[in-house]
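Asker: Below: one structure in structure tokens.
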Amino acid sequence: ELAGTPVILIRGGGNSDAIVQQLDGLPTTDLTDDEIAGLLRMREEEKLARDVYDVMEAKWDLQVFRNISNSEQTHMDAVLAVLERHDLSDPAAGMAAGEFTSPELQALYDTLVAQGNASATEALKVGVAIEELDIADLQTLQTDTADIALVYDHLETGSEHHLEAFNRQLQ
């Protein structure tokens, strides 16, 4: 289903060493308030995707949710690596599945889970909506800061592949 999907692994096996080396080889510069806000948003937005997909996988037992949830965890790890490089607090630290510091993302999570619980088709539509949101947000968060740009590029590519996977399932 997701063959060829680029995956960022920051911790653990696979490509983790290569990505960490890429990040470690990049300079750490001062971030703007917008860059900080963007990183915090993307950390929670990737958590939202993972958490919703975990609920949908448990409800509907569709492999696409399991695969993409695992990828969303690697996306979360990638953003966390950048937060840690810049000594920023993790908004997802200590938060249980389905819990968010952002009231907007909390409300979105609740709405999406309710929609996805209605049927497997609705659950797949939720996947499309989440990936479209991720892509749109990433496109507004353009930055010249090398480590952030590297991770955002990987996240956007991954979201594009996830969107394709959900659309294939809907067809």
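Asker: Suppose R0 equals 25 Å; then what is the FRET efficiency for GLU160 and GLN63 from their Cβ-Cβ distance, rounded to the nearest 0.05?
Answerer: The computed FRET efficiency comes out at 0.80.
Asker: Further question on the same structure: Give the residue from VAL126, ILE148, LEU83 lying farthest towards the positive end of the charge dipole for region 76-171; charges sit on Cβ (+1 for Lys and Arg, -1 for Asp and Glu) and the dipole is referred to the Cα centre.
Answerer: Of the options given, the answer is VAL126.
Asker: Right, something else. Under a plain spin-label model, where a point goes 7 Å from the Cα along Cα-to-Cβ, how far apart in nm are ALA118 and ASP30?
Answerer: 4.9 nm
Asker: Need one word for region 58-105: rounded, prolate or oblate. Basis is the Cα gyration tensor (sqrt eigenvalues a ≥ b ≥ c); a/c below 1.5 gives rounded, then a/b vs b/c decides. Before the final figure, lay out the partial values.
Answerer: Details: a/c = 3.34, a/b = 1.60, b/c = 2.09.
Oblate is the answer for region 58-105, as a/c is 1.5 or above yet b/c matches or exceeds a/b.
Asker: When the accessible area of region 18-171 is computed with all protein chains present and a 1.4 Å probe, what percentage of it is carbon and sulfur?
Answerer: Working: 3420 of 6940 Å².
Answer for region 18-171: carbon and sulfur cover 49 percent of the accessible area.
Asker: Moving on. Would you mind pulling out the separation of the Cα centroids of region 94-171 and region 57-87, in Å?
Answerer: 10 Å
Asker: With the other protein chains left in place, how much accessible area per residue, in square angstrom, belongs to the chain at a 1.4 angstrom probe?
Answerer: 46 Å²
Asker: Lys and Arg at +1, Asp and Glu at -1: add these up for the other residues within a Cβ distance under 12 Å of ILE36 and post the number.
Answerer: On the way: positive: ARG41, ARG43; negative: ASP30, ASP33, ASP34, GLU35, ASP87.
For residues surrounding ILE36, the net value is -3.
Asker: Where in the chain are the DSSP H helices whose alpha-carbon span along the long axis reaches 15 Å or more and whose Kyte-Doolittle mean is at least -0.5?
Answerer: Those that clear 15 Å and a mean of -0.5 are 63-85, 103-116, 120-140, 146-170.
Asker: Of (1) 26, 22, 12; (2) 26, 18, 14; (3) 30, 16, 15, which is the value of semi-axes √(5λ) of the Cα gyration tensor in Å derived from the coordinates here?
Answerer: Recomputing semi-axes √(5λ) of the Cα gyration tensor in Å here gives the entry labelled (2).
Asker: TYR152: accessible area at probe 1.4 Å, nearest 10 Å²?
Answerer: Estimated to the nearest 10 Å², TYR152 gives 20 Å².
Asker: Highest first, please rank the peptides 100-108, 65-73 by the mean number of other Cβ atoms sitting within 10 Å of their residues.
Answerer: 65-73, 100-108
The values are calculated or read from the model by the stated rules, or taken from the named source; none is laboratory data. Quantities reported herein were computed from a predicted structural model and do not represent experimental measurements. A quick note on method: Cβ atoms are made from the backbone with ideal geometry, for glycine too, and the neighbour counts reach across all protein chains shown. Quick note on the areas: whole protein, heavy atoms, side chains included, nothing else; ligands and nucleic acids left out. Shrake-Rupley method; radii C 1.70, N 1.55, O 1.52, S 1.80 Å.
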